[in-house]
1. For a Förster distance of 41 Å, can you work out the FRET efficiency between the beta-carbons of residue B:70 and residue B:7, rounded to the nearest 0.05?
2. Show which lysines lie in cross-link reach of residue B:39 when reach means a straight Cα distance below 28 angstrom and same-chain residues fewer than eight apart are skipped.
3. Counting only GluC sites (Glu not before Pro) that sit in a DSSP loop (anything but H, G, I, E, B) with at most 15 other Cβ atoms within 10 Å, what is the longest stretch of chain B containing none of them?
4. To the nearest 20 Debye, how big is the dipole of the protein assembly as shown about its Cα centre, given +1 on the beta carbon of each Lys and Arg and -1 on that of each Asp and Glu?
5. What do you get for Rg/Rh of the protein assembly as shown when both radii come from the Cα atoms and Rh is the Kirkwood radius?
6. Using the number of other C-beta atoms within 10 angstrom as an exposure proxy, rank B:134, B:98, B:103 with the fewest first.
7. Give, rounded to the nearest 20 debye, the magnitude of the charge dipole that segment B:2-129 has about its Cα centre when Lys and Arg contribute +1 at Cβ and Asp and Glu contribute -1 at Cβ.
8. Angle between the Cα long axis of helix B:46-59 and the longest principal axis of chain B, 0 to 90 degrees, nearest 10?
There are 2 protein chains.
Amino acid sequence: MVLDILKKNQLSVTEGRKKILELFLHNEGALAHADIEKKTGEMFDRVTVYRTLNTFVEKGIIHLIPTTDNSILYALCKDNCEAGHHHDNHVHFICDVCNKTTCLDEVTVPEVKLPIGFTPNHAEMVVTGVCDDCK
Amino acid sequence: MVLDILKKNQLSVTEGRKKILELFLHNEGALAHADIEKKTGEMFDRVTVYRTLNTFVEKGIIHLIPTTDNSILYALCKDNCEAGHHHDNHVHFICDVCNKTTCLDEVTVPEVKLPIGFTPNHAEMVVTGVCDDCK
DNA sequence: GTATTTTTGCAATAGTGTTGCAAGTTTAAA
DNA sequence: TTTAAACTTGCAACACTATTGCAAAAATAC
């Protein structure tokens, strides 16, 4: 599984990439750099984690989630991942209780009518509230 | 104008608050902390700018805009500001060309149907593309 | 005008992210 | 299977972003 994804994206198979990709595959929600650093412990250098995450974003294996605090959240979305690249037009949900961020793969970002003069390219939507686990 | 807003929110009137609030009033788009520091130059300490922005957010004079890089963007939205507090349910637009962020006060964030178990509280939407100035 | 409350500036600290380079690992090809 | 080329990693250094405590200064209230 992990190997397939790396090879499909023409990436060298290294311990760091395998481990970090596994974290995303076995983790429901989104992850921040700090989460990954905690979970991998002393295994890799901070810089390696940063570079691995950037590589994955460039290849479209994971994608960024917009937030209002100054944190960068990354998530792998199962459906798109298989296809090798992301459409990433789904809504993200951040739980006010457990703070977990979830990709709602089945909820598509709705179209909005913009004022005259504005041309849309991409739209992101983040909903906060109470998630299924915390209800 | 500036004084009205500060008094309405029960804030002491200081040089820093007046100057920063003016920046928002005379600036179309959103501002990051770094923008404000550049525009105020040596007038105030960085810490004062941080604290002023936090105070304004708490009082609802300005609000945060979600981004995918790790930057915090602040914007004052004319309509709500007059009322003393924000509804902040409008769409934000980030121009791919000039990178300016605009509040589309007249475009409301649409409702979406969430999966069973999820209860929404607040929704944010950010659209990227080409703005009116850059078209 | 003075006392009280609030805000500011400074110094120190912590967190976040990037770059250059040498050493190490992976890949591909003989 | 060995070797050479390409790529990735770790380290050190650096830059930027943000927060806290405390004393001095300013604003408000009386």
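1. For residue B:70 and residue B:7, the calculated efficiency is 0.75.
2. B:7, B:8, B:18, B:19, B:59, B:78, B:100, B:135
3. Details: sites that count: B:28, B:42, B:111.
Segment B:43-110 is the longest.
4. The calculation lands at about 520 debye.
5. Values: Rg = 20.4 Å, Rh = 20.4 Å.
When Rh is taken as the Kirkwood radius, the ratio is 1.00.
6. B:98, B:134, B:103
7. Charge dipole, segment B:2-129, about its Cα centre: 360 debye, nearest 20.
8. Around 50 degrees separate the two axes.
Each value in this text was obtained by applying a stated rule to the coordinates, not by laboratory testing. Predicted model only: the values in this text are computed from it and were never measured. Here Cβ is always computed from backbone atoms with ideal geometry, including for glycine, and neighbour counts include all displayed protein chains.
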